[in-house]
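Comments concern the structure below.
The values are calculated or read from the model by the stated rules, or taken from the named source; none is laboratory data. Note that the coordinates shown come from a computational prediction; the quantities given were computed from them, not determined experimentally. Neighbour counts run over all protein chains shown; Cβ positions are idealised from the backbone, glycine included.
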Amino acid sequence: MIIKIVTTMFALFVLFNYTSPILFDMKKIIVIISSIILSFASQAQVKPYVINSLGRSSQCTSGNVAYSVGEPFIGSLAGSSYKLNQGLLQSFGSYIKGFAIKLYLEGLYADSGRMLQAQDIAGPKFEEGISDKVTVEFHKAYPPFDLVYSFQDVSLNMNGNVSVNNFPDSLTGSYYMVIKSRNNLETWSSTPVDINIALHNSYDFSLAASQAYGNNLKPMGGNVYALYGGDANQDGLVDGGDMAAIDNANVNVLVGYYPEDVNGDGLVDGSDMAIIDNNSAAVVFAKRP
């Protein structure tokens, strides 16, 4: 770069000495040299791109940028921030890479596609409209089905809606989706689900028992299915171990947001034991591929 500048200045010096003073004077030479130096320095810092008459759009893993005609565009599509030197940005649309999930929890289910809010000592545990929190995991679609990514403490709305976003770019392809909660059976999707980088995919566990691996969902009436409740100790089986946990909590008058509170009313008592009794008699357990 320096060699180019020196060579250009030398050429102008020769031109200045052997050309009529009518055509050039010192002021013009200084202006020309300054312009050339600035031009080279500018090229060393940025690489402007002049957009053609049709405009242009560029895509990356994070989104899409559309910009206007005839001006230089300076920036990078490699990250989440974009720098434009002429205010050329017309639109930027982020890809929503994630899942809209529908599911219900047996203990909190009320009726007509609606759940109650899990209670704590002073009332609802979470803000208005939030029934409880769940964990959404994605496991490899082949043995040994290792955990690849986990979304924890995800809000479960009272209408059963769950949304998970901000997937890492590396998470593409097909994976088993696994739902976990504080006292429901771990439940796997019936088949691996596809994570498309440019789409907001959806999966509905509430449509049918067959939406879960091994048909492992409980019918709630009205063609609605829910995750089995009663796995208070989270060992993958509703049995005497969960009954013992409820018995101990009941004796100690446990009040608040606890795993033993299977129906989510803020109190561990006989109504929680009833859910465990029913599901224990049906021999329900977590079914995995």
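For Q117, are the conditions met, namely being assigned to a loop (DSSP other than H, G, I, E, B) and modelled with pLDDT of 95 or more? Yes: the conditions hold for Q117. Determine whether P168 is farther than 21 Å from V238 by Cβ, without any contact (Cβ under 8 Å) to a residue 12 or more places away in the chain and assigned by TED's automatic domain parsing to the domain that holds V255. So P168 fails the test. Number of residues in the stretch 181-235 that are loosely packed, with under 15 Cβ neighbours inside 10 Å and among the hydroxyl-bearing types (S, T, Y): the value is 3.
Cβ separations smaller than 9 Å between residues 6+ apart or across chains give no pair from the stretch 195-209 residues that are outside the structural domain of G113 (by TED's automatic domain parsing) to residues that are loosely packed, with under 13 Cβ neighbours inside 10 Å and at pLDDT 95 or above.
Residues S112, S131, S150: which one is in contact with a strand residue (DSSP E or B) (Cβ under 6 Å, 6 or more places away or on another chain) and surrounded by fewer than 16 Cβ atoms within 10 Å (Cβ to Cβ)?
Details: S112 fails: in contact with a strand residue (DSSP E or B) (Cβ under 6 Å, 6 or more places away or on another chain); S131 fails: surrounded by fewer than 16 Cβ atoms within 10 Å (Cβ to Cβ).
Result: S150 is the single residue among S112, S131, S150 that is in contact with a strand residue (DSSP E or B) (Cβ under 6 Å, 6 or more places away or on another chain) and surrounded by fewer than 16 Cβ atoms within 10 Å (Cβ to Cβ).
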